[in-house]
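A.B. asks: Provided herewith is a single structure, encoded as structure tokens, for subsequent inquiry.
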Amino acid sequence: MATKTSKASKSKPKSQTKSAPAPAPSRVEQARAAAERAVDVPVGTVLEVSDRVAELVEPFSGRTAAQKQLKSYGTQLRRTVKRTERRGASARRKATTEARKTRNKVEREARKRQRRVETTLKRNRTEVEQRVRKAIDVPTARAQSLVDQVGDQLSALR
């Protein structure tokens, strides 16, 4: 973490702090500067284009130099194509791997949810069956109890 220095150490003495403002350029100077720029830009552009054309033409000045340069271009092109092919293959493998990982993740999640649903369904079914049995057994037991009571009462009357 950088530390800040105090203003006192950076400030200049009062005599140096205030300087006379630069006079505004006159209209003539502004016009002269604009005219110079208007000429300098096209001239500079022509010189730049000239340099680039010379760079392009220089390797083709002689037959052997041209053949050598063309061979060099061919080699560069082959290398570029190979590099591009490797990068494409690498990107394809990466995309395939990523798709496979995503598919496996989705399938795993689907199986997990399916197991959870099946487990919940089984638990609910068991719970409902128990409630139904209980709902049937309680009245049946009560009815049996009443039948037994009536039977006992009939036996007692005889």
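A.B. asks: Separation between the ARG133 and GLN153 pseudo-spin-labels, each 7 Å from Cα along Cα→Cβ, expressed in nm?
C.D. replies: For ARG133 paired with GLN153, the spin-label model returns 3.2 nm.
A.B. asks: Now a separate question. To the nearest 0.05, what FRET efficiency results for LYS105 and LEU77 with a Förster distance of 30 Å applied to their C-beta separation?
C.D. replies: Plugging the Cβ-Cβ distance into 1/(1 + (r/R0)^6) gives 0.10.
A.B. asks: Please compute the modelled spin-label separation between ALA31 and ALA95, points set 7 Å along Cα→Cβ, answer in nm with one decimal.
C.D. replies: 6.3 nm
A.B. asks: Further question: Between LEU121 and SER145, what length in nm is gained on full extension when 0.36 nm per residue of separation is reduced by their alpha carbon distance?
C.D. replies: So the chain would gain 5.1 nm between LEU121 and SER145.
A.B. asks: Provide Rg over Rh for segment 27-77; use the alpha carbon set for both Rg and the Kirkwood Rh (inverse mean inverse pair distance).
C.D. replies: With Rg and the Kirkwood Rh in hand, the quotient comes to 1.41.
A.B. asks: Percent of alpha carbon pairs in segment 30-147 separated by more than 23 Å?
C.D. replies: 75 percent
Read-outs throughout are calculated quantities, based only on the coordinates presented, and are distinct from any laboratory measurement. All values reported here derive from a predicted model rather than from experimental measurement. Quick reminder, even Gly has a Cβ in these numbers, built from the backbone with ideal geometry, and neighbours come from all protein chains shown.
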